[in-house]
1. Can you classify the range 36-235 as rounded, prolate or oblate using the Cα gyration tensor, where a ≥ b ≥ c are the square roots of its eigenvalues, rounded means a/c under 1.5, and otherwise it's prolate if a/b beats b/c and oblate if not?
2. Would you mind classifying the range 181-236 by shape? Square roots of the alpha carbon gyration tensor eigenvalues, ordered a ≥ b ≥ c; an a/c under 1.5 is rounded, otherwise it is prolate if a/b is larger than b/c and oblate if not.
3. With a cut-off of 8 Å between alpha carbons and a minimum separation of six or more residues, what is the relative contact order of the range 36-235 in percent?
4. Return the subset of 132/191; 47/164; 158/191; 191/233 for which the Cα-Cα distance in this structure is over 23 Å, preserving the input order.
5. Counting pairs of alpha carbon atoms under 8 Å apart in space and at least six apart in sequence, what relative contact order in percent does the range 156-224 give?
6. In nm, give the distance between the simple-model label positions of residue 156 and residue 208, each being 7 Å from the Cα along the Cα-to-Cβ direction.
Amino acid sequence: MKPEPLNKKEANLVTLPPDGREGMAADSVFTPSKSKDISIIGEIFRKLIHLGAIAIPIGYHFLGIGVVIPVLALCLTTSLCLDYIRIFGNRKSRHFIRRYMGIMIRPSEKRDFIGASYILSGSILTILLFDKPIAIAAISFIVIGDTAGAIIGRIWGKVRFRDKSLEGSVSFLVACLLAGIVIPAIPFWVKIVGAITATIVEAITLHIDDNLIVPVTSGAIMQVIVSQMVILKYFS
């Protein structure tokens with residue numbers, strides 16, 4: 001008996017090998033995942049754009065707070081305006097934005113801000129709250145670590161917990177440690193603690209976007225450690 005011919009939609013789908021989640025086939029790279037997330041292609045596009053945020057710590061290193069904060073504030077205002085139009089605008093404006101951004105918008109973000117607004121907010125808070133080297137490290141962790149963890153976790157993640165994977169979390173940690181190697185002015189063991197903190201917070205975050213909470217939390221931990229070191233050195 002001849003197999004039934006695929007319809008046009010099915011013929012255009014590209015599928016991946018089994019992904020280990022209860023015997024299910026991996027998601028199509030173009031269609032939404034069975035875990036109700038965006039497609040793998042959407043995830044890759046999203047994280048490539050996310051990786052572009054590495055310009056924030058690099059810009060802060062070379063240009064300083066007086067230049068970076070106004071630029072980030074302008075970018076955040078623009079992002080919030082786009083979010084507002086996407087969520088509350090008229091039908092035509094919503095359709096226009098979703099047409100070009102829809103592949104990268106998670107289901108949970110349909111009525112919420114997208115990751116760009118959160119990472120810009122988190123970066124501004126981190127820069128204002130912490131010492132320059134610590135802020136650079138904390139922002140780098142969420143940019144590089146989240147990119148590596150999300151892509152590797154979606155494609156090769158098999159050991160699942162919540163909506164995360166062990167492979168993704170390990171990749172997140174390794175990427176943070178590699179980033180920490182090139183960040184100066186902080187003892188490496190402090191950056192290890194910051195990287196571990198960032199990984200744990202990213203893995204357990206439920207109701208607060210990790211782009212906001214991860215840099216602030218890891219930055220706070222590193223700031224406390226460095227401040228204690230300075231105090232101890234002063235009184236020793």
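1. Oblate shape, in that a/c is at least 1.5 and b/c is the bigger or equal ratio.
2. Working: a/c = 3.06, a/b = 2.01, b/c = 1.52.
Taking the square roots of the gyration eigenvalues as a ≥ b ≥ c, the range 181-236 is prolate.
3. Relative contact order comes out at 23 percent.
4. Details: 132/191 14 Å; 47/164 16 Å; 158/191 28 Å; 191/233 19 Å.
Distance filter (> 23 Å) returns 158/191.
5. Once divided by the residue count of the range 156-224, the mean separation gives 26 percent.
6. The answer from the label model is 3.2 nm.
Every number here is computed from the coordinates shown, using simple stated rules; none is lab data. The structure displayed is predicted, hence computed values, not measured ones. For neighbour counting, all protein chains shown are included, and Cβ atoms are generated from backbone atoms with ideal geometry for every residue, glycine included.
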